[in-house]
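Worksheet: one structure, shown below.
Nothing in this text is a laboratory measurement; each read-out follows from the coordinates by a stated rule. Quantities reported herein were computed from a predicted structural model and do not represent experimental measurements. Glycine also receives a Cβ, built like all others from the backbone with ideal geometry; neighbour counts cover every protein chain displayed.
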Amino acid sequence: MFNCSYLYILCFLTFSLSLKAQDEENVSKESSRRFFTYQISIVKPVAFGDNFADNGLKQLVGYDLSLRFYIFRSIFLGVEGGSFIATVENEDLVGDFDQSNANTYGLTAGYTFQLNKNHLVDAGLSYGAVNYRNSKDGLDDRFVDSGNYLKINGQYNYRINKNISVFAFTNLRLDRLDIKTSPNIDSFINQSNYVIFGIGFKVGLSARIDEIW
């Protein structure tokens, strides 16, 4: 006759293996998820140093946008873009125009430190193209000065819920332009340095990797 204790043991083993398989499946699903964040911010740049941006322009407010893709739970890669307006305070130093739009388009990478459930800190590095679109009131013509920028960013995030966060950041941005000029004034005309302060919000989304590709 079949012993009932064997049946109990068989049922227990079957149940245990089922739970283990389910846990492994959940872990596999979680590890295969990829996280995205979209963020928008208002920025206020402050120029410094002996250069055209600090001595000849007054920086006003602007905006930044970015899309980040978390390749691992804490490491992200992404794209970003932004713009701010500057008005001319000294034409003798910068040229005959009244306003400049400073625009950036670049790549970003970094790491997110999770202090606890709601508080996170991002450390990032960005590199890309920058251009200054200069214009004069009453004229349709614009001339553009272009180059590259490097940015070091630190950002504090407060998570309101699973998908929504607000943040504040400070970054150091170094612009290097390609204007052909005299070697005596090259560093003044072709370099600008900013400390940029910003606040904003971001939305986080997640999806299975097989739902994306």
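Some notes on this structure:
- Take every pair of alpha-carbon atoms less than 8 Å apart whose residues are at least six positions apart; their mean separation over the length of the range 39-212 yields a relative contact order of 22 percent.
- In this structure, the residue pairs whose Cα-Cα separation is over 18 Å, taken from LYS44/LYS162; LYS151/LYS180; LYS117/LYS202, are LYS44/LYS162; LYS151/LYS180.
- Percentage of interatomic Cα-Cα distances in the range 71-147 larger than 21 Å: 48
- If you wrap the range 39-212 in the convex hull of its Cα atoms and look at it from every side, the mean projected area works out to 11.6 nm².
- Euclidean distance between Cα centres, the range 52-68 to the range 91-148, Å: 6
- Under 17 Å from a label point set 7 Å out along the Cα-to-Cβ vector of ASN148, the amide N atoms of the range 67-88 belong to 80.
- Pairs of C-alpha atoms in the range 102-141 farther apart than 12 Å represent 71 percent of all such pairs.
- Sorted ascending by nearby beta carbons within 10 Å, beginning with the fewest, ASP50, ASP140 become ASP140, ASP50.
- Model label sites at LEU174 and ASP137, defined 7 Å from Cα along the beta-carbon direction, differ in position by 3.7 nm.
- Length released on extending from ARG73 to ASN55, taking residue separation times 0.36 nm less the Cα-Cα span: 2.2 nm
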